[in-house]
Amino acid sequence: MAAGRAPLGLRRWLSSPAPAPRVCVVGSGPAGFYTAQHILKHHGGAQVDIYEKLPVPFGLVRFGVAPDHPEVKNVINTFTQTAHSGRCAYYGNVTVGRDVTVPELRQAYHAVVLSYGAEDNQVLGIPGENLSGVYSARAFVGWYNGLPENRDLKPDLSCETALILGHGNVALDIARILLSPLQLLRKTDITDSSLAALACSKVKRVWLVGRRGPLQVAFTIKELREMINLPGARAVLDPADFTGLENAVKDAPRPRKRLTELMIKTALEKPREKPVEAQAAHREWGLKFQRSPQEVLPTPDGKRARGVRMALTRLEGSGDSARAIPTGEVEELECGLVLSSIGYRSLPLDPAVPFDTQRGIIPNSSGRVEGVPGLYCSGWVKRGPTGVIITTMNDSFDTAQSVLEDLQGGVLDMSPSREGFRAVESILRSRGVRPVSFSDWEKIDAAEVARGKAAGKPREKIVDPAEMLRLIGH
């Protein structure tokens, strides 16, 4: 054998290309798609398969973003480009944890990223929250946005006053949808049945209630401005709530300063004389501060909500870290509709995945799941349910970077026996599960757009998964 030459078999082994990394992403919302996008962009050989429990993709972009915010949904175009990549595949109608387990996915793929979001909501933990007329913001948003699990919600809108607990953007979205003129909503992709229910709604007053003060609200200026400018609705803010705040925000970060100034300006504004709109402006909304819900009060028959008892609070500390401490005083607010918008919550997916129930996240470091090499997480299940789409984008790129580093650094078992979807396909078939492809989704998409066109809307969402599957011949 020539000196310095390896034997032929060994030479062939040394020069054989490493297997293309097979990466699996669980969840097809922004976290899932941005994770996939980053891996595909920065690794020329990786194959990424995205699994989704619903037949249809895009998660909260489809089911969370308000119908009257179509510009926010434009990210769907980017996600569609990713799905069209030759190295990306979409498998809808597959529930991970039931149809296929996380250990089975880890056997089939070199890396598994959990990006399944927050499919539950925080509970108030107070008496009466299960009365009729009390709904989570998550379910209410799901209802008007066509999320299949909420399609039969049938919220009772027969009362005049609604109370929303929470001062975030979701709370403002709900207030805006409840008070928007129908002609504005008719041009959106709001579902047909929720539009019909809103057409019969008697709600004309919406209070948004928070435990802390004006300096701690979580909503952003764009959403507040939209609410202030809503046709036919008047803002009712108490100037006393804002006393001395102009000085307090002098040195605050600019977004907080501008937001507070807009609230102060609105509180101090005299009602404008609008003779033309006088008839229309029969609706109103307002912000109430430093009130913590203690109990949802029942009607005499004990079945429905008739109001909420609030503990008045004082603030300890300042800024974002201020805490609301009950003063001992209480007040009652009458309302027939209570919407709890105090946050979403992630749930554990599979017993094989560590989960911090206290914080509602998968314990991780830069997206690497603690103690489970080759398993990662991104989005809300990684950091908690906060932030907007851009926050999730950066967070997902961070996780994707960890995956790329581990692929590069030889940390992962790159065994060629991991066959990706080929291995999963036989598991799904044995369990009677038929995945939905991205081109199947495009058929559903085309049907929704066609139905919408007939009604002068961008789309009419199909809300029944069985109907989606019938449409594609499943």
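The calculated FRET efficiency for residue 107 paired with residue 330, based on their beta-carbon distance and R0 = 56 Å, is about 0.50. Our Cα-only numbers for the range 107-151 put the radius of gyration and Dmax at 15.9, 48 Å.
Using the Cβ-Cβ distance between residue 84 and residue 451 with R0 set to 22 Å, the FRET efficiency works out to roughly 0.40. Distance distribution P(r), the chain, all Cα-Cα pairs, bin width 20 angstrom from 0: 22, 49, 24, 4, 1, 0 percent. The listed residues 174, 325 rank as 325, 174 when sorted by accessible area, largest first, using a 1.4 Å probe.
Relative to the longest principal axis of the Cα atoms of the chain, the long axis of helix 254-268 makes an angle of roughly 20 degrees.
Length available on full extension from residue 200 to residue 474: 0.36 nm per residue minus the Cα-Cα distance, which gives 95.0 nm. At the listed q of 0.13, 0.19 Å⁻¹, the Debye profile of the range 292-425, built from one uniform point per Cα, gives log10 I(q)/I(0) equal to -0.81, -1.16. Estimated purely from DSSP H runs of n ≥ 4, each contributing -39500 (n - 2.57), the mean residue ellipticity at 222 nm for the chain is -9500 deg cm²/dmol once divided by its residues. Neighbours of residue 436, meaning other residues whose beta-carbon lies under 15 angstrom from its beta-carbon, give a summed charge of -4 when Lys and Arg score +1 and Asp and Glu score -1.
Note on the range 369-474: with neighbouring protein chains present and a 1.4 Å probe, carbon and sulfur make up 54 percent of its accessible heavy-atom surface. The residues packed around residue 220, meaning those with a beta-carbon under 11 Å from its beta-carbon, carry a net charge of +2 if Lys and Arg are +1 and Asp and Glu are -1. Remark: the range 122-343 carries 48 Å² of accessible area per residue (probe radius 1.4 Å; ligands, DNA and RNA excluded). Working ranking of peptides 282-294, 443-455 by packing, defined as the average number of other Cβ atoms within 10 Å per residue, highest first, is 282-294, 443-455. With all protein chains in place and a 1.4 Å probe, the accessible surface of the range 106-162 carries 40 percent carbon and sulfur. DSSP beta bridges confined to the chain are antiparallel in about 35 percent of cases. With a Förster radius of 25 Å applied to the C-beta separation of residue 42 and residue 415, the computed FRET efficiency comes to 0.65.
When only the Cβ of Lys, Arg, Asp and Glu is charged (+1, +1, -1, -1), the dipole of the chain relative to its Cα centre reaches about 740 debye. Here's the list of aspartates and glutamates a cross-link from residue 461 could span, going by alpha-carbon distance under 14 Å and ignoring same-chain residues fewer than 8 apart: 149, 189, 192, 442, 445, 448. The gain in end-to-end length when the residue 358 to residue 312 segment is fully stretched comes to 13.9 nm, 0.36 nm per residue minus the alpha carbon separation. Helix 438-454 and the longest principal axis of the C-alpha atoms of the chain enclose an angle of approximately 30°. Here's the list of lysines a cross-link from residue 270 could span, going by alpha-carbon distance under 29 Å and ignoring same-chain residues fewer than 8 apart: 202, 204, 222, 250, 257, 288. Charges were assigned to the Cβ only: +1 to each Lys and Arg, -1 to each Asp and Glu. The resulting dipole of the range 94-209 about its Cα centre is roughly 420 debye. Relative to the longest principal Cα axis of the chain, at what angle does helix 30-42 sit, 0 to 90 degrees, rounded to 10? With rounding to tens, the tilt is 40 degrees. Semi-axes of the equivalent ellipsoid for the range 122-343, computed as √(5λ) from the eigenvalues of its C-alpha gyration tensor and ordered from largest down, come to 27, 23, 16 Å. If the segment from residue 229 to residue 464 were pulled out straight at 0.36 nm per residue, it would be longer than the present Cα-Cα gap by 81.1 nm.
Below 15 angstrom from the Cβ of residue 360, what's the summed charge of the other residues (Lys, Arg +1; Asp, Glu -1)? With Lys, Arg at +1 and Asp, Glu at -1, the net is +2.
Between residue 238 and residue 398, the simple spin-label model (points 7 angstrom out along Cα→Cβ) gives 3.9 nm.
The values are calculated or read from the model by the stated rules, or taken from the named source; none is laboratory data. The structure displayed is predicted, hence computed values, not measured ones. Here Cβ is always computed from backbone atoms with ideal geometry, including for glycine, and neighbour counts include all displayed protein chains. Surface areas here come from the heavy atoms of the whole protein model, side chains and all, with no ligands, DNA or RNA. Shrake-Rupley method; radii C 1.70, N 1.55, O 1.52, S 1.80 Å.
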